[in-house]
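**Q** Sharing a structure here in structure tokens format.
Any read-out appearing in this document is the output of simple, stated calculations on the displayed coordinates, not a laboratory observation. The structure presented is a predicted model; accordingly, all values stated were derived computationally and were not measured. Cβ sites come from the backbone with ideal geometry, for glycine too, and all protein chains shown count toward neighbours.
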Amino acid sequence: MNYLEDGVIVEEILLWIAGVLIFFDIYLYLNKAKGDTISHILKTWVYGKFFFITYFWGVLAGHFFLGSYDSFFGNATWNFLIILEIALILFTFGMFFKIKLKPEGQVILLLIGLSVGHFFWSLNY
Amino acid sequence: MILYKINEKVIIKVKNIINSKIARITQFFIIVIALSLVMWDVYLYLGDQNENISLVIRQSAKGKLFVITWIWGVLSAHLFVSKKETKRNIPEYIAIIILLLISIIIFLLGRYIPDELPQYMQLIFLLFGAITGYYLWPQTLSKQENMDL
């Protein structure tokens, strides 16, 4: 599977996936069924039980675009476990305690995710 | 008359079922894409090469393609931060055109900036994207959804 290891191929596949997602979403937007676009589905998930997705989106933003220069624990595995643990806690809250978040709560979750991704899952060290 | 009403009810029910079926397909599609991306990234990470998805996105965003950061910000507002009011200030297609124009400007800006951007600029683009996304292209919560929160 040598061809997968080339960075250019990775880029190309990512672009393809993005393109497919965009065209699929445009199709879903234009067809007759209401409420089946990707954004709508994600919105129903996030404002229902699965607001850990919002947190993950923030974490990925911090991971991709930011990143501290000193690690907190120095151990990538521990850092990653902390990230997963927070996600698990959020998932439990949504799933079993029937907590729902308002838009303000989503903003806070995005910011928490962003800082967690920045401090605990940086690509800079 | 009664028959007609029953008929209408049936049609509405069938429509709902079809809608939810297509929505199911979308849900399935999102999950499959997300899972396969994660598995592919794990596979790339476990190999000995230096390329995985995070690194590719990071390198592109740090270099000339910081439009990615901006789009990420716009999407985080669009997908996750909905507005409560049902009123919309500008029609959606105009908002999308404006966002596309800004994206093109930022993309072209990236081609003419010779050096790597400092990291705080990434944060600025992210926040700028989120704020523009929130004001131009939010999703709205219906009254029912708002009540449920």
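**Q** Quick one, could you list the DSSP H helices from chain B stretching 24 Å or more along their long axis (Cα atoms) with average Kyte-Doolittle hydropathy of 0.5 or above?
**A** B:2-46, B:92-112, B:119-136
**Q** Relative contact order for the stretch A:37-120 using alpha-carbon pairs under 8 Å, separation at least 6, rounded to a whole percent?
**A** Relative contact order for the stretch A:37-120 comes out at 55 percent.
**Q** In Å, what Rg and Dmax follow from the Cα atoms of the protein assembly as shown?
**A** Gyration radius and largest Cα-Cα distance of the protein assembly as shown: 20.3, 74 Å.
**Q** Distance from a point 7 Å along Cα→Cβ of B:L101 to each backbone N in the stretch B:117-149: keep the residues under 20 Å and list them by number.
**A** B:128-138
**Q** Within the stretch A:28-125, list the trypsin sites (Lys or Arg not before Pro) lying in a DSSP loop whose Cβ has at most 14 other Cβ atoms in a 10 Å radius. Mind showing how you got there, number by number?
**A** Values: sites: A:K32, A:K34, A:K43, A:K49, A:K98, A:K100; in loops: A:K32, A:K34, A:K49, A:K98, A:K100.
Counting only loop positions with at most 14 other Cβ atoms within 10 Å, the trypsin sites (Lys or Arg not before Pro) in the stretch A:28-125 are A:K32, A:K34, A:K98.
**Q** Also: Please give the calculated 222 nm ellipticity per residue for chain A, where each DSSP H segment of at least 4 residues contributes -39500 (n - 2.57) and the sum is spread over every residue; nearest 500 deg cm²/dmol?
**A** -23000 deg cm²/dmol
**Q** Under a point spin-label approximation (7 Å from Cα along Cα-to-Cβ), what is the B:L109-A:D70 distance to one decimal in nm?
**A** Simple spin-label model gives 3.2 nm for this pair.
**Q** Hey, another quick one. Quick one: which residues, 5+ away or cross-chain, put their amide H under 5 Å from the amide H of B:L117? H built at 1.01 Å from N.
**A** none
**Q** For a quick check, take a GNM of chain A with Cα springs below 10 Å and name the residue from A:I86, A:I26, A:I53 with the largest mean-square fluctuation.
**A** Taking springs between Cα atoms under 10 Å, the residue moving most is A:I26.
**Q** How much net charge surrounds B:D115 when only other residues with a Cβ under 15 Å from its Cβ are counted (Lys, Arg +1; Asp, Glu -1)?
**A** +2
**Q** Also, quick follow-up: Suppose we keep just the alpha-carbon trace of the stretch B:52-149; what are its Rg and Dmax in angstrom?
**A** For the stretch B:52-149, the Cα-based Rg and Dmax read 15.5, 51 Å.
**Q** Please give, to one decimal in nm, the separation of the simple spin-label points placed at B:I31 and A:I26, each 7 Å out from Cα toward the Cβ.
**A** 2.9 nm
**Q** Could I ask something else about it? Could you tell me which GluC sites (Glu not before Pro) in the stretch B:42-149 are loop residues by DSSP with no more than 12 other beta carbons within 10 angstrom of their beta carbon?
**A** Details: sites: B:E51, B:E85, B:E92, B:E116, B:E145; in loops: B:E51, B:E85, B:E116.
Counting only loop positions with at most 12 other Cβ atoms within 10 Å, the GluC sites (Glu not before Pro) in the stretch B:42-149 are B:E85, B:E116.
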